[in-house]
1. For Arg44, all conditions in the list (1) of a type in the set (Lys, Arg); (2) open to solvent by less than 70 Å² (accessible area, probe 1.4 Å); (3) outside any helix (DSSP H, G or I) hold save one; what is the number of the exception?
2. Looking at Ala58, Ala81, Ala46, which one is modelled with pLDDT under 85 and either in contact with a helix residue (DSSP H, G or I) (Cβ under 9 Å, 6 or more places away or on another chain) or hydrophobic (A, V, I, L, M, F, W, C) (or both)?
3. Which one is least open to solvent (accessible area, probe 1.4 Å), of the residues in segment 18-35 that are free of Cβ contacts under 8 Å to residues at least 24 places away in the same chain and among the charged types (D, E, K, R)?
4. Got at least one residue in segment 63-71 being β-branched (Val, Ile, Thr) and assigned to a strand (DSSP E or B)?
5. Just one of Asp80, Asp38 is of a type in the set (D, E, K, R), part of a loop (DSSP other than H, G, I, E, B) and either touching a residue at least 40 places away in the same chain (Cβ under 8 Å) or exposed (fewer than 11 other Cβ atoms within 10 Å of the Cβ) (or both); which is it?
6. Scan segment 23-61 residue by residue and report those that are under 23 Å from Val10 (Cβ atoms) and of a type in the set (Phe, Trp, Tyr).
7. If you go through segment 1-17 one residue at a time, how many are in a loop (DSSP other than H, G, I, E, B) and either modelled with pLDDT of 85 or more or buried (at least 16 other Cβ atoms within 10 Å of the Cβ) (or both)?
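The values are calculated or read from the model by the stated rules, or taken from the named source; none is laboratory data. Bear in mind the structure is a predicted one, so any value in this text is a computation, not a measurement. Using ideal geometry, Cβ is built from the backbone for each residue, glycine included, and neighbour counts are taken over all protein chains shown. Keep in mind that these areas ignore ligands, DNA and RNA; they rest on the heavy atoms of the full protein, side chains included. Shrake-Rupley method; radii C 1.70, N 1.55, O 1.52, S 1.80 Å.
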Amino acid sequence: MAGAYGPDWVMTRAEIRNRLEQPYIRYTVTDDAPGLADHEQLVRWATGEELQARRRAAATRQAPLVAQLRRQQSEQDAQDAGQSALF
């Protein structure tokens, strides 16, 4: 169980959730379990399905950036190929 205290405990709870639910960290944070106070969250091991869902969501968010980087790399490769013919 993780508790958030201080003047901005709502933000602290959000930071705890964000950190522990990264695709490479194997925890799941729940704040709707019975018996939890407003400032508490239940932390448990994530299931394989939850981890796969996180990886898919991260890949979906990163897809436009990956496509742009690949396009820039292919353009750079094409320019490099054209310049090497000059030498």
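1. For Arg44, the failing item is (2).
2. Values: Ala58 fails: modelled with pLDDT under 85; Ala46 fails: modelled with pLDDT under 85.
One residue alone meets the criteria, Ala81.
3. Asp31
4. First, the residues of segment 63-71 that are β-branched (Val, Ile, Thr): 66.
The next check asks that each one be assigned to a strand (DSSP E or B); those that pass are none.
No: segment 63-71 contains no residue that is β-branched (Val, Ile, Thr) and assigned to a strand (DSSP E or B).
5. On the way: Asp80 fails: part of a loop (DSSP other than H, G, I, E, B).
Result: Asp38 is the single residue among Asp80, Asp38 that is of a type in the set (D, E, K, R), part of a loop (DSSP other than H, G, I, E, B) and either touching a residue at least 40 places away in the same chain (Cβ under 8 Å) or exposed (fewer than 11 other Cβ atoms within 10 Å of the Cβ) (or both).
6. Across segment 23-61, the qualifying residue is only Tyr27.
7. Filtering segment 1-17 for residues in a loop (DSSP other than H, G, I, E, B) gives 1, 4-8.
Narrowing the set further to residues that are either modelled with pLDDT of 85 or more or buried (at least 16 other Cβ atoms within 10 Å of the Cβ) (or both) leaves 4.
Counting residues in segment 1-17 that are in a loop (DSSP other than H, G, I, E, B) and either modelled with pLDDT of 85 or more or buried (at least 16 other Cβ atoms within 10 Å of the Cβ) (or both) gives 1.
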